[in-house]
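This report concerns only the one structure given below.
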Amino acid sequence: MQTQLAPEYQGSADGLAAEAILRKCVHCGFCTATCPTYQLLGDELDGPRGRIYLIKQVLEGHSPTRKTQRHLDLCLTCRSCESTCPSGVQYGDLLDIGRKLVEAKVPRPLKERALRWVLKKGLTSALFSPAMALGQRVRALLPAALKNKVPKPQDAGRWLSGEHARKVLLLAGCVQPAMSPNINRASARVLDAIGIQTVIAPKAGCCGAVKFHLNDQEGGKAEMRANIDAWWPYVETAAGAAAVEAILMNASGCGVTVKEYGHFLKDDPAYAAKAARISALTQDLSEWLPEISEKLRGKVSKQVATLAYHPPCSLQHGQQLRGGVEKYLGELGFDIKVTGAEAHLCCGSAGTYSVLNPGLSQQLRDRKLGHLNITFGGLPPDVIVSANMGCITHLQSGTTTPVRHWIEVLDQALQPSMQAGRSARP
């Protein structure tokens, strides 16, 4: 696709990057068939091809409007279109550029600005954890819309991780410790069972995705730099060798962001090389399932529950990781299946999307739950499992079927005798 950049974008980093992406697009429309918002709304401008056209117009000097902004806002950034595109168009990168340019030209109403400010500041604040604890105590009194965002308190158990020669870093995350603390603790217990010590850098915080995708791109990059600084002593020791084997992510939404630190900070002379190193070391926890499965075989209690697996978009499209969770949990004796209907489509969580666009988000959630509930020949599963806390919380708000991270299910299935033999710390 040929683009004639407006003078203000000629020679700029955003203009050149966007032009290179647009040249790959042949406007074939394959992406439209796998776009969740197009499926619901049927509007060309609410699909990738239409949004690409809107961004192209802006780059060519057309003045964006609130309508332009709204069409870009409604994108879930699920990147299903990238998995479908035969030309390799980096739609996610183009959308980031388009949103940034439109945000600079189109003022938002006060109510929108206020909500987005609360999300940017609140979700990444140190006050989030006590606020969530308070919300959980009064959960029964909350209105339904707010109650859906406040999960029931978890009995997460102890953090079990002995001293081992092999070590990995784990990003605690900004909201996961408060909303789903058992995910991190279950991860540490399972890794401990195969002789790997889990380490959390105390100064590491939000991965940067929340602010970045709310168009505070500089704020998101600042959080990325802060994480790099927090992790660097574990990555680059005095001897030059890494003290950790990997930086593991048990929230695929965070994982896809950290894997792209090298891209986001490529023009930062102080952080470009470090960011690339961090990205290279980052892996989703599921990428360690081959070793986990091999070492835990015969040590997992017999399972009778049926598990329906929802692969998050950030895992299957963002990180291009498919098939691993169901393959290796199946080898360990779990009856786990992926739905045969629309497994590629987003559940509607998409970070802050479920707050900013609750109507569409809930439609996608209910559509996803409907498919998950027929995974086992029309019978609902005993448990729904996923790999991202946002998906888990969102899906749980629409069903009484337990929704859990796959690592929690694996941790629970480890034989009690094995757990009793591990070293422990509070």
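The values are calculated or read from the model by the stated rules, or taken from the named source; none is laboratory data. No experiment lies behind these values; they were computed from the predicted model shown. As a convention, Cβ positions derive from the backbone with ideal geometry for all residues, glycine included, and neighbour counts pool all protein chains shown. Side chains included, ligands, DNA and RNA excluded: accessible areas come from the protein's heavy atoms. Shrake-Rupley method; radii C 1.70, N 1.55, O 1.52, S 1.80 Å.
From largest accessible area down, sort Ile374, Ile196; use a 1.4 Å probe on the protein chains.
Ile374, Ile196
Can you give the log10 of the normalised intensity I(q)/I(0) at q = 0.10, 0.14, 0.16 Å⁻¹, computed with Debye over equal Cα scatterers of the stretch 1-137?
-0.40, -0.71, -0.86
Counting only the heavy atoms of the protein chains, how much of Tyr271 is accessible to a 1.4 Å probe, in Å² to the nearest 10?
40
Using a 1.4 Å probe on the protein heavy atoms, what percent of the accessible area of the chain belongs to carbon and sulfur?
56
Name the cysteines of the chain that stand alone by the Cβ rule: no other cysteine Cβ under 4.7 angstrom.
Cys25, Cys28, Cys35, Cys75, Cys85, Cys347, Cys391
For the stretch 268-426, report the accessible area per residue in Å² (1.4 Å probe, heavy atoms, rounded to an integer).
Value for the stretch 268-426: 41 Å² per residue.
Solvent-accessible area per residue for the stretch 22-177 at a 1.4 Å probe radius, Å²?
Each residue of the stretch 22-177 exposes 50 Å² on average to a 1.4 Å probe.
Using a 1.4 Å probe on the protein heavy atoms only, what accessible surface does Arg66 show? Give it in Å² to the nearest 10.
90
Are there GluC sites (Glu not before Pro) in the stretch 180-240 that DSSP puts in a loop and that have at most 15 other Cβ atoms within 10 Å, and which ones?
Passing both the DSSP loop test and the Cβ count: Glu236.
Could you tell me the distance between the Cα centroids of the stretch 314-346 and the stretch 143-178, to the nearest Å?
Here the answer is 22 Å between Cα centres.
Report the FRET efficiency, 1/(1 + (r/R0)^6), for Lys100 and Lys67, where r is their Cβ-Cβ distance and R0 is 25 Å, rounded to 0.05.
The calculated FRET efficiency here is 0.90.
Let a ≥ b ≥ c be the square roots of the eigenvalues of the Cα gyration tensor of the stretch 8-74; is it rounded (a/c under 1.5), or, if not, prolate (a/b larger than b/c) or oblate?
Oblate is the answer for the stretch 8-74, as a/c is 1.5 or above yet b/c matches or exceeds a/b.
Which percent, to the nearest 5, of DSSP beta bridges fully inside the chain are antiparallel?
Beta bridges within the chain, antiparallel portion: roughly 10 percent.
From the Cα trace of the stretch 274-341, what convex hull volume per residue do you get, rounded to a whole Å³?
94
Report, ordered by chain and residue number, the aspartates and glutamates lying within cross-link reach of Lys105, taken as a straight Cα distance under 20 Å and ignoring same-chain residues fewer than 8 apart.
Once the sequence-local aspartates and glutamates are set aside, what remains near Lys105 is Glu8, Asp14, Glu19, Glu60, Asp73, Asp93, Asp96, Asp216, Glu218.
Which order do you get for Val175, Val138 if you rank them by accessible area with a 1.4 Å probe, largest at the top?
Listed by decreasing accessible area, they come as Val138, Val175.
Report the Rg/Rh value for the stretch 75-170, based on alpha-carbon coordinates and the Kirkwood definition of Rh.
That ratio equals 1.11.
How large is the convex hull of the Cα atoms of the stretch 231-352 per residue, expressed in Å³ as a whole number?
Value for the stretch 231-352: 133 Å³ per residue.
For the stretch 170-292, calculate the relative contact order in percent as a whole number, restricting contacts to Cα pairs under 8 Å that are 6 or more residues apart.
Relative contact order comes out at 23 percent.
Taking the Cα centroid of the stretch 79-108 and of the stretch 1-33, what is the distance between the two, rounded to the nearest whole Å?
Computed from Cα coordinates, the inter-centre distance equals 10 Å.
Could you estimate the translational diffusion coefficient of the stretch 233-299 from the Stokes-Einstein equation, with Rh from the Kirkwood formula over C-alpha pairs, at 4 °C and 1.567 mPa s, in whole µm²/s?
The estimated diffusion coefficient comes to 98 µm²/s.
Hey, can you grab everything whose amide H is under 5 Å from the amide H of Asp335? Only 5+ residues off in sequence or another chain; H modelled, so Pro and N-termini drop out.
HN-HN under 5 Å from Asp335: Leu307.
Quick one: plug the Kirkwood hydrodynamic radius of the chain (C-alpha pairs) into Stokes-Einstein at 37 °C, 0.692 mPa s, and report D in µm²/s.
It comes out at roughly 146 µm²/s.
Take peptides 140-151, 316-327 and line them up by average Cβ neighbours within 10 Å, highest first, as a rough protection proxy.
316-327, 140-151
With each run of n ≥ 4 DSSP H residues scored as -39500 (n - 2.57), what mean residue ellipticity at 222 nm is computed for the chain after dividing by its residue count and rounding to the nearest 500 deg cm²/dmol?
-13500 deg cm²/dmol
Subtracting the Cα-Cα distance from 0.36 nm times the residue separation, let me have the gained length for Thr306 to Asp268 in nm, one decimal.
Contour length minus Cα-Cα distance gives 8.9 nm.
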